[in-house]
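Below: one structure, written as structure tokens.
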Amino acid sequence: MKKRVFLLAFTLVFAILVIANGPAVPKLAEPVMITTAGQSAGAAMMKVLFTKSNIKDFVFEKLVTADEIEGYETLVIVAGASSKGLGAAGIDFDGETQRVTALIEAAKKQGMKVVVAQIEGAARRGTSSDQLFSLFVPMSDWVIIVRDADSDGFFTNLCEEHGIPLTIVEKSIEVSAQLNAVFE
Amino acid sequence: MKKTCPNPAFLGFLIATAILVAIPGLSYVKQRAPETIIPGPGVTRRGSLSDYLPALKGTSADTPVFYLEGKEPGGTVLLVGGAHPNEPAGFIAPLIVVERGVAQKGRVIVVPYANGSAISHTEPLEGSPASFSLKNKAGETRVFRVGSRLSNPLDQWPDPALYVNEKGQVLSGSEMRNLNRAFPGKADGSITEQIAYAIMEIIRREKADISIDFHEASPEYTTVNAIVAHEKSLELAAEVAMYLEFDDIPITLEQSPKNLNGLSHREWGDYSDTLPFLFEAANPFMGRLRGKTDETLIIEGKDPYYLAAAKAKRLNVPYDEKGLPLSYRVARHITAFRYVLDTYNTYYEEKAIIVTDLPEYEEMAYRNLGDFLN
């Protein structure tokens, strides 16, 4: 119990202290579709973070396709390549990038906001994961990451180059507070 | 009748042969002698794996099962160590639960050495030490065998050219002796498949709500410092991973692939109602890049070649001059176990499992691990 109170306090403090760089973070609206790019388990972590936030109208579909997002206002893509995850989902890397590219294009066409997240830190960086970030960050409206994922400035540079607002949190558990702040 | 003296050269040959046979023979016998486990005050009962499959009785695969039963009813958690007994944190973490833990509510069932056959020999051609020792608080030495990833060929031989497991997964022949490719097992199968079946029986008969399999892997492996979870347990595991990250314990979360059959995190979930988890800690002793392979490497986890690899950014885990000592690897496992219970208890209050007297991460990591053994 003490731990949970402490975590809540910590989260609130970081909601205030969090660093937001560059362009303003857009206001987001429900309902939300959460999916993954790369099938890492980060999307499951994001679902838990949404559960712990004030946002209640969200759905998690790890293989959602472009024709299944009608009526949603926000698309959250948790990016990170996992060979185990791709195997579990029965999709290969190329198939996954095609699915997510089509998904974002459809989302943009219907006026949805697109969020790209990396909440698994340095362990979910690497050639395949970086390929996903390079593809999808420029197509997004907001990027949220944990600091550990940006030790080489990869996300800072990518977001600066494409004028995408970037929010960096210290720990993934702080993402819930960030969501509360940006959802109307 | 004239007495004849044996030829001195022949006598010398006989003595030399006897010595040459005796040395490995004694080593072989010693490796089959189980180490002492000193159950703590929380252990209420002791049984055997053969209680769940009588065919294992009297075989080298039979192994102790410990029960920590709380006064208050609750859920049940199964801890499985030593599926790969060449991964020391994999069996020391559950042993610490046996020697220190007290269940206040619910039950903990612990199998510290799941593959009793694989602990009876070392990994061939790896130069692995046969054992390592830790000093407890009283200054007494506790010796622990180091085993192999695979069951002893003396118990299960020959290997087929290819192994097709119960679920149809095709693997290399030697993997037939790998317990973590043999689930859900077979009651009348090979000794490894029988062990797997008996563990499944514990899960089913004891109605384990949670089951955890403790492992280690090389720092260059892709799934390391990780929790692997079945889709049923993925959200609990996601929360546990976030708590570990919050404590600055590097962790990744992986989902158990549906098409990777025979592994605990897949089959325990598919063949029972349990929530399965597999914990993987990074250990240079397991890796291909390591240099001198001895007891010190197991305990201290320091290796100059891994340090060079880390500096060249070739590892998947943080690694520095502090190394990855056994105390740190075990502390990770125990902490992850505690967070699994904390998280589970939040969602399943009526079946909560409360275990006390386990050391905190800061108490244990980078300290003398023997202090936490009896």
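The values are calculated or read from the model by the stated rules, or taken from the named source; none is laboratory data. Predicted model only: the values in this text are computed from it and were never measured. FYI the Cβ positions are ideal-geometry reconstructions off the backbone, even for glycines, and counts take in every protein chain you see. When the accessible area is computed, the model is the full protein with side chains, heavy atoms only, and any ligands, DNA or RNA have been set aside. Shrake-Rupley method; radii C 1.70, N 1.55, O 1.52, S 1.80 Å.
Any idea which of (1) within 20 Å of the chain's Cα centre (by Cα); (2) surrounded by 21 or more Cβ atoms within 10 Å (Cβ to Cβ) is the one B:VAL355 doesn't satisfy?
With (1) within 20 Å of the chain's Cα centre (by Cα); (2) surrounded by 21 or more Cβ atoms within 10 Å (Cβ to Cβ) applied to B:VAL355, the lone miss is (1).
So, in region B:134-154, exactly how many residues are under 25 Å from B:ALA61 (Cβ atoms) and surrounded by fewer than 19 Cβ atoms within 10 Å (Cβ to Cβ)?
Residues that pass the stated criteria total 3.
Are any residues in region B:301-325 part of a helix (DSSP H, G or I) and surrounded by fewer than 24 Cβ atoms within 10 Å (Cβ to Cβ), and if so, which ones?
B:PRO304, B:TYR305, B:LEU307, B:ALA308, B:ALA309, B:ALA310, B:LYS311, listed by residue number.
So in region B:155-181, with the set limited to residues that are in contact with a Pro (Cβ under 7 Å, 6 or more places away or on another chain) and over 21 Å from B:ILE119 (Cβ atoms), which one is least open to solvent (accessible area, probe 1.4 Å)?
Looking at residues that are in contact with a Pro (Cβ under 7 Å, 6 or more places away or on another chain) and over 21 Å from B:ILE119 (Cβ atoms), I get B:GLY173.
Of all residues in region B:182-197, which are assigned to a loop (DSSP other than H, G, I, E, B) and within 16 Å of B:ARG266 (Cβ to Cβ)? Give the steps one after another, and end with the answer.
Restricting attention to region B:182-197, the residues satisfying the condition of being assigned to a loop (DSSP other than H, G, I, E, B) are B:182-190.
Result: B:ALA182, B:PHE183, B:PRO184, B:GLY185.
Within region A:46-100, can you find the residues that are of a type in the set (S, T, N, Q) and in contact with a helix residue (DSSP H, G or I) (Cβ under 7 Å, 6 or more places away or on another chain)?
Once the filter is applied, which keeps residues that are of a type in the set (S, T, N, Q) and in contact with a helix residue (DSSP H, G or I) (Cβ under 7 Å, 6 or more places away or on another chain), region A:46-100 yields A:SER53, A:ASN54, A:THR65, A:THR97.
Consider only pairs whose beta carbons are under 9 Å apart and that are at least six residues apart or on different chains; among these, list those whose first residue lies in region A:59-76 and is within 24 Å of B:PRO257 (Cβ to Cβ) and whose second residue is open to solvent by 50 Å² or more (accessible area, probe 1.4 Å) and part of a helix (DSSP H, G or I).
That search, which allows pairs on different chains as well, returns A:PHE60/A:LYS47; A:GLU61/A:GLU68.
Can you name every residue in region A:151-172 that is of a type outside the set (Phe, Trp, Tyr) and either under 17 Å from A:ILE77 (Cα atoms) or open to solvent by less than 20 Å² (accessible area, probe 1.4 Å) (or both)? Before the answer, list the steps.
If we filter region A:151-172 for residues that are of a type outside the set (Phe, Trp, Tyr), which is where we start, we get A:151-153, A:156-172.
Of everything in region A:151-172, those that are of a type outside the set (Phe, Trp, Tyr) and either under 17 Å from A:ILE77 (Cα atoms) or open to solvent by less than 20 Å² (accessible area, probe 1.4 Å) (or both) turn out to be A:GLY153, A:LEU158, A:CYS159, A:ILE164, A:PRO165, A:LEU166, A:THR167, A:ILE168, A:VAL169, A:SER172.
Which one of these is within 12 Å of chain A (Cβ to nearest Cβ) and surrounded by fewer than 24 Cβ atoms within 10 Å (Cβ to Cβ): B:GLU220, B:GLU231?
Being within 12 Å of chain A (Cβ to nearest Cβ) and surrounded by fewer than 24 Cβ atoms within 10 Å (Cβ to Cβ) holds for just one of B:GLU220, B:GLU231, which is B:GLU231.
Give the residues of region B:121-130 that are touching a residue at least 24 places away in the same chain (Cβ under 8 Å) and either open to solvent by 40 Å² or more (accessible area, probe 1.4 Å) or touching a Leu at 6+ places or on another chain (Cβ under 8 Å) (or both), sorted by residue number.
B:HIS121, B:THR122, B:GLU123, B:PRO124, B:GLU126, B:GLY127, B:ALA130
Looking at region B:167-182, can you tell me whether even one residue there is of a type in the set (S, T, N, Q), within 30 Å of B:ILE96 (Cα to Cα) and more than 16 Å from the chain's Cα centre (by Cα)? Write out each step before concluding.
Going residue by residue through region B:167-182, those that are of a type in the set (S, T, N, Q) are B:169, B:172, B:174, B:178, B:180.
Still in the list and also within 30 Å of B:ILE96 (Cα to Cα): B:178, B:180.
Imposing the further condition that a residue be more than 16 Å from the chain's Cα centre (by Cα) reduces the set to none.
Among the residues of region B:167-182, not one is of a type in the set (S, T, N, Q), within 30 Å of B:ILE96 (Cα to Cα) and more than 16 Å from the chain's Cα centre (by Cα), which makes the answer no.
Specify the residue that is modelled with the lowest pLDDT; the eligible residues are those in region B:248-268 that are more than 11 Å from every other protein chain (Cβ to nearest Cβ) and surrounded by fewer than 24 Cβ atoms within 10 Å (Cβ to Cβ).
B:ASN261
Does any residue of region A:36-58 turn out to be among the β-branched types (Val, Ile, Thr), touching a strand residue (DSSP E or B) at 6+ places or on another chain (Cβ under 6 Å), at pLDDT 95 or above and under 16 Å from A:ALA177 (Cα atoms)?
yes
Name every residue in region A:38-48 that is in a helix (DSSP H, G or I) and within 7 Å of chain B (Cβ to nearest Cβ), in order of residue number. Outline the logic, then answer.
Step one: filter region A:38-48 for residues in a helix (DSSP H, G or I), giving A:42-48.
Result: A:ALA44, A:MET45, A:LYS47, A:VAL48.
Filter region A:49-77 down to the residues that are open to solvent by less than 10 Å² (accessible area, probe 1.4 Å) and in a helix (DSSP H, G or I), then identify the one that is nearest to A:GLU120 (Cα to Cα).
Going through the qualifying residues, I end up with A:LEU49.
Hey, can you tell me all the residues within region B:22-38 that are closer than 26 Å to B:GLU193 by Cα and in a loop (DSSP other than H, G, I, E, B)?
Matches in region B:22-38: B:ALA33, B:PRO34, B:GLU35, B:ILE37.
What strands (runs of 3 or more DSSP E) lie completely within region B:63-135 and have 1 or more residues being closer than 22 Å to B:GLU300 by Cα?
B:131-135
Residues in region B:269-286 that are over 19 Å from B:ALA237 (Cα atoms) and surrounded by fewer than 21 Cβ atoms within 10 Å (Cβ to Cβ): how many?
Within region B:269-286, residues that are over 19 Å from B:ALA237 (Cα atoms) and surrounded by fewer than 21 Cβ atoms within 10 Å (Cβ to Cβ) number 1.
A quick yes/no check of all residues on (1) touching a helix residue (DSSP H, G or I) at 6+ places or on another chain (Cβ under 9 Å); (2) within 14 Å of another protein chain (Cβ to nearest Cβ); (3) of a type outside the set (Gly, Ala, Ser); (4) closer than 21 Å to B:ILE251 by Cα:
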{"residue": "B:LYS322", "(1), (2), (3), (4)": "yes, no, yes, yes"}
{"residue": "B:PRO325", "(1), (2), (3), (4)": "yes, no, yes, yes"}
{"residue": "B:ASP342", "(1), (2), (3), (4)": "yes, yes, yes, yes"}
{"residue": "B:ALA352", "(1), (2), (3), (4)": "yes, yes, no, no"}
{"residue": "B:VAL355", "(1), (2), (3), (4)": "yes, no, yes, no"}
{"residue": "B:ALA365", "(1), (2), (3), (4)": "yes, no, no, yes"}
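Which pairs have Cβ atoms under 7 Å, sit 6 or more apart or on different chains, and link a residue in region A:121-150 that is away from every other protein chain (no Cβ under 13 Å) and open to solvent by less than 50 Å² (accessible area, probe 1.4 Å) to one that is of a type in the set (Gly, Ala, Ser) and in a loop (DSSP other than H, G, I, E, B)?
A:LEU132/A:GLY38
I'm trying to understand the selection: among the residues of region B:160-181, which are polar (S, T, N, Q), farther than 12 Å from B:LEU260 by Cβ and part of a helix (DSSP H, G or I)?
B:SER174, the sole residue that qualifies.
Just checking, does region A:85-105 include any residue being within 14 Å of chain B (Cβ to nearest Cβ), touching a Ser or Thr at 6+ places or on another chain (Cβ under 9 Å), open to solvent by less than 10 Å² (accessible area, probe 1.4 Å) and at pLDDT below 95?
Yes, region A:85-105 contains at least one residue that is within 14 Å of chain B (Cβ to nearest Cβ), touching a Ser or Thr at 6+ places or on another chain (Cβ under 9 Å), open to solvent by less than 10 Å² (accessible area, probe 1.4 Å) and at pLDDT below 95.
The rows are residues; the columns are (1) at pLDDT 95 or above; (2) within 18 Å of the chain's Cα centre (by Cα).
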residue	(1), (2)
B:ALA196	yes, yes
B:ALA208	yes, no
B:THR222	no, no
B:GLU231	no, no
B:ALA237	yes, no
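Which condition from (1) in a strand (DSSP E or B); (2) out of contact with any helix residue (DSSP H, G or I) (no Cβ under 6 Å at 6 or more places or on another chain) is the one that B:PRO41 breaks?
(1)
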